[in-house]
Amino acid sequence: MTVNVPLCFRGKKILAPMVRVGTLPMRLLALDYGADIVYCEELIDIKMLQCKRIINVLETVDFVAPNERVVFRTCERERHCVVFQMGSADAERALAVAKLVESDVAGIDINMGCPKEYSTKASMGAALLSDPDKIESILTTLVKGVCKPVTCKIRILPSVEDTVDLVKRIEKTGIAAIAVHGRKKEERPQHPVHSDVIKVISEAVSIPVIANGGSHDFIKEYTDIETFQKATAASSVMIARAAMWNPSIFRKEGLFPLKEVMQDYIKYAVRYDNHYTNTKYCLCQMLREQLETTQGKKLHAAQSTQEICEVFEMADFYEETTAIFKAKKTSLETETQDEDDQIEDPDVIKMAVRFDKREYPPQITPKMYLLEWCRKEKHPQPVYETVQRPLDRLFCSVVTVAEQKYRSTLWDKSKKLAEQAAAIVCLRTLGVPEGKLCEGENHLINKRKREDQDRLNNRDCGEDLAEPSHKKANFIEETSDMNVPKM
């Protein structure tokens with residue numbers, strides 16, 4: 001039995017949150033090399049609230065946006081040491097996101113130090129530093145609302161005294177630790193880190209202070225981490241750019257050769273299906289001055305994970321890993337289909353069909369034809385029951401017409417497509433036209449034309465054009481599936 005011990009922030013070596021860098025492959029690699037805690041990249045609260053939590057065939061937990069993009073991916077390996085950092089300027093939104101992810105992470109962090117315009121324009125990041133009341137509201141709400149430790153990451157203010165006052169106020173919210181980037185919001189990495197200010201803060205509060213910003217001036221190898229910690233009197237050290245350049249900075253035994261580090265990173269990127277653009281970005285950060293070499297130019301030109309693997313002589317690993325993944329996915333799909341067949345009502349009529357909008361006139365769909373047929377035959381309107389399969393997030397719909405059920409055996413990318421496919425199965429079984437272009441004259445289009453002409457005639461006669469509410473509802477119902485995604 002695994003005991004869930006609350007995260008401790010004293011005496012730790014921590015991977016800092018870095019946009020485009022702090023994704024799952026980099027976090028896992030940092031843990032392999034000796035990092036105690038890893039922060040994910042900053043993720044915006046509004047985007048996270050649009051996501052669904054999905055268990056992936058990769059054995060990962062994915063938070064997936066409506067456009068199917070994976071916004072946050074994590075796994076069991078890091079569950080007890082990954083801190084989820086979010087950008088937020090609203091206490092209730094922050095709490096909603098924290099509740100969404102808290103079972104999959106070890107802690108929640110609020111970014112209060114990002115100086116970039118995309119963050120500050122939305123009153124997030126470093127913009128929060130000038131609004132202590134909002135800081136207090138967000139952190140207090142989180143501390144009271146979630147069971148995981150809450151932290152925040154700030155930059156220093158122009159005045160040491162003001163910085164200490166702010167940190168003391170933050171401490172009173174009950175957070176578990178505070179990370180301090182030892183630069184002001186207008187300063188950049190080339191500016192010296194104010195380790196003396198971090199030291200003053202460390203000595204002014206009782207909660208753990210995590211020192212950040214030492215890569216340029218202090219941290220070149222593992223032993224430098226302790227030097228920076230002593231200079232700041234901090235409880236722990238958070239490393240950003242030094243870890244981005246070579247995550248083996250966390251190894252007590254010393255740095256690994258860069259080639260070996262990059263190959264280790266690529267293995268995680270392939271195993272966890274990291275998007276190739278993100279993989280390429282992180283590898284370019286590691287190569288740095290070697291980007292103009294032959295290998296660097298080949299990496300820059302790569303347009304897929306497979307091509308990246310070829311650049312680093314890992315084509316065989318790519319083929320073997322993707323083959324294993326495909327075999328596992330096929331096996332799980334077969335198991336899922338078998339389970340579907342076992343639990344499915346044997347009286348459901350099935351066909352292997354898909355809805356292709358290109359085969360139909362504009363604004364005409366099989367669902368509209370089926371609804372029209374049911375009205376003509378005086379049947380109740382069709383009832384659709386749609387489910388989503390967790391394995392691959394595909395949809396299947398069963399339509400009930402005159403107490404008979406119909407469905408397609410093919411799973412679709414969206415709920416709307418699945419419902420259209422079910423309608424096609426029903427129409428074809430009944431021998432009823434479904435509205436395809438190849439069926440010749442389309443009576444539904446002609447009906448619409450007549451209705452439009454009647455409206456024009458009524459308008460010419462000065463009649464009231466207001467429609468009864470039930471007619472408006474029917475029109476919405478019939479046309480709600482027009483915006484069908486392309487296959």
Residues satisfying the stated conditions in region 342-385, i.e. out of contact with any strand residue (DSSP E or B) (no Cβ under 8 Å at 6 or more places or on another chain), among the aliphatic types (A, V, I, L, M) and surrounded by 17 or more Cβ atoms within 10 Å (Cβ to Cβ): Ile364, Met368, Leu371
Which listed residue, of Phe72, Phe84, is buried (at least 24 other Cβ atoms within 10 Å of the Cβ), without any contact (Cβ under 8 Å) to a residue 60 or more places away in the chain and under 20 Å from Ile178 (Cα atoms): Phe84
Meets criteria (modelled with pLDDT of 95 or more, within 23 Å of the chain's Cα centre (by Cα) and surrounded by 19 or more Cβ atoms within 10 Å (Cβ to Cβ)) for Thr277: no
Top-ranked residue of region 106-130 - restricted to ones that are more than 17 Å from Glu187 (Cβ to Cβ) and of a type in the set (D, E, K, R), ranked as most open to solvent (accessible area, probe 1.4 Å): Lys121
Identity of the residue in region 57-69, free of Cβ contacts under 8 Å to residues at least 40 places away in the same chain and touching a strand residue (DSSP E or B) at 6+ places or on another chain (Cβ under 7 Å), that ends up nearest to Val270 (Cα to Cα): Glu59
Only one of Ala127, Ala94, Ala122 that is in a loop (DSSP other than H, G, I, E, B) and either small (Gly, Ala, Ser) or not assigned by the TED database to the domain that holds Ile46 (or both): Ala122
Filtered residue count, region 386-422, keeping only those that are farther than 26 Å from Val61 by Cα, without any contact (Cβ under 8 Å) to a residue 60 or more places away in the chain and either open to solvent by 10 Å² or more (accessible area, probe 1.4 Å) or touching a helix residue (DSSP H, G or I) at 6+ places or on another chain (Cβ under 8 Å) (or both): 11
Answer residue from region 280-318, given it is hydroxyl-bearing (Ser, Thr, Tyr) and in contact with a Phe, Trp or Tyr (Cβ under 7 Å, 6 or more places away or on another chain) and is surrounded by the fewest Cβ atoms within 10 Å (Cβ to Cβ) among those: Ser304
Qualifying residue in region 69-79 (condition: farther than 30 Å from Ser414 by Cα and of a type in the set (Ser, Thr, Tyr)): no
Considering residues of region 97-119 that are part of a loop (DSSP other than H, G, I, E, B) and out of contact with any Gly (no Cβ under 6 Å at 6 or more places or on another chain) only, the residue nearest to Leu7 (Cα to Cα): Ala106
Which listed residue is more than 29 Å from Arg389 (Cα to Cα), assigned by the TED database to the domain that holds Lys148 and at pLDDT 95 or above, from Leu29, Leu49: Leu29
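The values are calculated or read from the model by the stated rules, or taken from the named source; none is laboratory data. Remember, it's a predicted structure, so these values are computed and weren't measured experimentally. Every residue, glycine among them, receives a Cβ derived from its backbone with ideal geometry; neighbour counts consider all protein chains shown. Side chains are part of the model used for accessible areas, which takes the heavy atoms of the whole protein and leaves out ligands, DNA and RNA. Shrake-Rupley method; radii C 1.70, N 1.55, O 1.52, S 1.80 Å.
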